[in-house]
Amino acid sequence: MKDVKLVMARRINKTRKEKEMSLANLADITGLSKSRISNYENMIRTPSVQVIYILAEGLGVDPGYLLGLDYFFPEHYGKQT
């Protein structure tokens with residue numbers, strides 16, 4: 001079973017590290033606290049849809065990427081209806 005929470009947590013962490021951002025950097029950019037972001041990365045909390053958009057904007061990625069749409073729905077991701 002694919003786990004959305006796990007995929008989201010890993011992608012937030014991976015993207016932040018790839019962009020060489022500390023928790024403090026991402027917190028400053030998004031207005032979220034370091035502990036809150038850490039809780040998302042460690043699957044202690046699950047971000048709301050609004051927070052997913054805030055994190056995606058701060059990380060410079062599509063919200064769908066953080067949600068794992070390409071992973072869960074590879075046959076549909078990126079197709080316009």
Within the chain, helix-based [θ] at 222 nm, where runs of 4 or more DSSP H residues each add -39,500 (n - 2.57), nearest 500: -17500 deg cm²/dmol
Cα-based helix-to-principal-axis angle, 49-59 vs the chain, degrees rounded to 10: 70
Computed over the stretch 6-78, Kirkwood Rh from alpha-carbon pairs, angstrom: 12.2
Solvent exposure of the chain as accessible area per residue, Å², 1.4 Å probe: 66
Carbon/sulfur fraction of accessible area - the chain, other protein chains in place, 1.4 Å, %: 52
Nearby aspartates and glutamates by direct alpha-carbon distance to LYS17 (threshold 19 angstrom, same-chain neighbours under 8 apart not counted): ASP28, GLU41, GLU57, ASP62
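The values are calculated or read from the model by the stated rules, or taken from the named source; none is laboratory data. The structure displayed is predicted, hence computed values, not measured ones. Please note that ligands, DNA and RNA were not included when accessible areas were found on the heavy atoms of the full protein model with its side chains. Shrake-Rupley method; radii C 1.70, N 1.55, O 1.52, S 1.80 Å.
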